[in-house]
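First up is the structure itself, then whatever we jot down about it.
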C-alpha cells in the first residue's frame with residue numbers, strides 16, 4: 001500500500017521527526033513518499049536523507065506555486081495521478097487546503113488530514129485564518145478521516161467547524177523506546193542544590209517562554225545556584241534575550257541553538273519545563289518524560305492528557321509566572337520526590353505513548369479507510 005505525505009512547514013521540529021518515525025515504522029506494509037513545498041526545502045532534503053530515506057521517496061515543489069494556489073493544487077493533482085497512492089495524508093490546515101483542492105480532480109485516493117496543533121492560531125493572522133477556514137469547509141468533505149494528536153485538538157477542530165466529530169480519530173504520538181534510554185539519573189545538580197532546568201522548543205509566542213523568564217528571579221531567591229537552559233530558535237529569540245537582560249538573570253540563563261535531536265540536550269537537564277499557552281501532544285515533553293525527567297508544565301489541553309498532576313510532574317496555571325516558580329522550587333528542594341516523579345513519568349510513556357501503539361492504530365485506520373474506498377468504487381462500478 002502506498003502513502004503520500006504532504007507537508008508545508010517552514011521549519012524542522014518535532015513534527016518533522018515524528019513524520020520520519022511514522023514513515024520508518026510503517027514499512028514494509030506501507031510504502032511512503034513525502035511531498036514538500038517549503039522555504040527550507042534544502043534542509044528538509046538533508047534531514048530525510050540523514051534519516052535514511054532515498055531521493056526517490058522525496059518530491060520538492062517550488063515554494064512560489066503555493067502563493068498562487070492554483071499552480072500548487074494542479075501540481076499535486078498531477079503527482080497523485082503519476083504516483084497513484086492509495087492514501088494522501090496532509091499535515092496541517094494549509095496542507096489540507098491544497099490537498100483537498102487537488103483531490104477534487106482525483107477520486108482514486110483516500111484523503112486524510114493530520115492535526116498536531118491548534119488549526120487556527122492568532123499568529124497566522126485574521127485574513128489567513130478566515131481564508132483557511134473557508135477553504136477547508138469547502139473541501140473538508142474530500143477527507144475520509146482526520147487524525148488529531150489529542151482530545152484537546154479534536155475539540156478545537158470541531159469548534160472551528162472544520163470536521164464533524166465522527167470524522168476525527170485521536171491518535172496520541174508515540175516514541176521509540178530504544179532511542180530514549182535514561183541517562184545520568186543520579187541527578188547530581190538536583191542533589192547538590194544546583195539543578196539544571198531546561199526546555200527544548202521553538203521560540204515563538206504560543207510557547208510563552210517569557211513566563212519562564214519571569215519565574216526565574218523567584219526561583220533564584222530560593223535556589224541561587226540553579227541554571228536555566230533554553231534550546232531552540234524562532235522569532236521571539238531576540239526579545240527573550242533582551243528580557244533576560246532586563247531581569248538581570250543573564251548569568252543564570254543560557255540560550256542554545258536548535259538541535260535536530262533533542263536527546264543530548266534533555267539528558268543534561270534535571271527538570272524539564274513547558275510553559276506553553278497551546279499544545280497538541282508535545283513530542284519534547286514525552287521525550288523528557290521518557291528520559292525520566294520530572295516536568296513542570298502548563299495545565300492546558302494536550303499536556304493534561306500526558307502529565308498526571310502530582311505524579312509525573314506539576315501542572316500550573318500558564319498565566320502566572322510565580323506559580324511556575326513555586327512548582328520549580330518545590331522540585332528543587334525535594335530531589336527524592338522529583339526523581340520519583342521522573343520515574344513515574346517514564347513508566348507512563350512506556351505504557352501509553354510508544355510508537356508501536358501509534359503505528360498499530362494508524363495501520364487500522366489506513367486499512368479500514370482504503371477498504372471502504374474500494375468497496376465504494378466496486379459498488380459504483382456495479383451501478
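Within the stretch 319-331, identify whether any single residue is farther than 17 Å from residue 190 by Cα, in the same structural domain as residue 206 (by TED's automatic domain parsing) and in a loop (DSSP other than H, G, I, E, B), and answer yes or no.
yes
Somewhere in the stretch 325-344, is a residue under 23 Å from the mean Cα position of the chain (by Cα), within 24 Å of residue 206 (Cβ to Cβ) and either surrounded by fewer than 20 Cβ atoms within 10 Å (Cβ to Cβ) or in contact (Cβ under 8 Å) with a residue 24 or more places away in the chain (or both)? Within the stretch 325-344, none of the residues are under 23 Å from the mean Cα position of the chain (by Cα), within 24 Å of residue 206 (Cβ to Cβ) and either surrounded by fewer than 20 Cβ atoms within 10 Å (Cβ to Cβ) or in contact (Cβ under 8 Å) with a residue 24 or more places away in the chain (or both).
Counting only residues that are more than 17 Å from residue 145 (Cα to Cα) and assigned to a loop (DSSP other than H, G, I, E, B), which one in the stretch 76-116 is modelled with the lowest pLDDT?
Going through the stretch 76-116, the residues more than 17 Å from residue 145 (Cα to Cα) turn out to be 76-84, 105.
Filter once more, so that each one left must be assigned to a loop (DSSP other than H, G, I, E, B): 84, 105.
Working: 84: 93, 105: 77.
Filtering the stretch 76-116 for residues that are more than 17 Å from residue 145 (Cα to Cα) and assigned to a loop (DSSP other than H, G, I, E, B), the one modelled with the lowest pLDDT comes out as 105.
Considered as a group, the residues in the stretch 234-262 that are surrounded by fewer than 16 Cβ atoms within 10 Å (Cβ to Cβ) and under 24 Å from residue 286 (Cβ atoms) include one that is farthest from the chain's Cα centre (by Cα), and that residue is 254. Each residue in the stretch 144-163 was checked for being touching a helix residue (DSSP H, G or I) at 6+ places or on another chain (Cβ under 7 Å) and farther than 29 Å from residue 265 by Cβ, and 8 of them qualify.
From 153, 147, which residue is part of a helix (DSSP H, G or I), modelled with pLDDT of 85 or more and surrounded by 16 or more Cβ atoms within 10 Å (Cβ to Cβ)? Can you show your working first?
Details: 147 fails: part of a helix (DSSP H, G or I).
Answer to the selection: 153.
Just the residues that are surrounded by fewer than 17 Cβ atoms within 10 Å (Cβ to Cβ) and in a strand (DSSP E or B), please, taken from the stretch 1-45. Residues satisfying the conditions are 2, 31.
Inclusion of residue 48 among residues that are touching a strand residue (DSSP E or B) at 6+ places or on another chain (Cβ under 6 Å), surrounded by fewer than 17 Cβ atoms within 10 Å (Cβ to Cβ) and free of Cβ contacts under 8 Å to residues at least 60 places away in the same chain is not warranted. Filtered by the rule that a residue be in contact with a strand residue (DSSP E or B) (Cβ under 9 Å, 6 or more places away or on another chain) and free of Cβ contacts under 8 Å to residues at least 40 places away in the same chain, the stretch 185-219 gives 194, 203.
Only one of 208, 164, 221, 202 is farther than 19 Å from residue 338 by Cα, exposed (fewer than 14 other Cβ atoms within 10 Å of the Cβ) and not assigned by TED's automatic domain parsing to the domain that holds residue 22; which?
On the way: 208 fails: exposed (fewer than 14 other Cβ atoms within 10 Å of the Cβ); 164 fails: not assigned by TED's automatic domain parsing to the domain that holds residue 22; 202 fails: exposed (fewer than 14 other Cβ atoms within 10 Å of the Cβ).
After applying the criteria, what remains is 221.
Go through the stretch 63-82 and report how many residues are over 14 Å from residue 95 (Cβ atoms) and in contact with a helix residue (DSSP H, G or I) (Cβ under 7 Å, 6 or more places away or on another chain). Working first, answer last.
Keep residues of the stretch 63-82 that are over 14 Å from residue 95 (Cβ atoms), which gives 64, 67-68, 70-71, 74, 77-78, 81-82.
Then keep just the ones that are in contact with a helix residue (DSSP H, G or I) (Cβ under 7 Å, 6 or more places away or on another chain); that gives 71, 77.
Adding up the residues that qualify gives 2.
If I ask for residues that are over 13 Å from the mean Cα position of the chain (by Cα), farther than 12 Å from residue 342 by Cα and outside any strand (DSSP E or B), which ones from the stretch 276-306 would you list? First the steps, then the outcome.
Taking the stretch 276-306 as the starting set, the residues that turn out to be over 13 Å from the mean Cα position of the chain (by Cα) are 277, 288-301, 304-306.
From what's left, farther than 12 Å from residue 342 by Cα: 277, 297-301, 304-306.
Selection gives 277, 299, 300, 301, 304, 305, 306.
The values are calculated or read from the model by the stated rules, or taken from the named source; none is laboratory data. What you see is a predicted model, and the numbers here were worked out from it, not measured in a lab. A quick note on method: Cβ atoms are made from the backbone with ideal geometry, for glycine too, and the neighbour counts reach across all protein chains shown.
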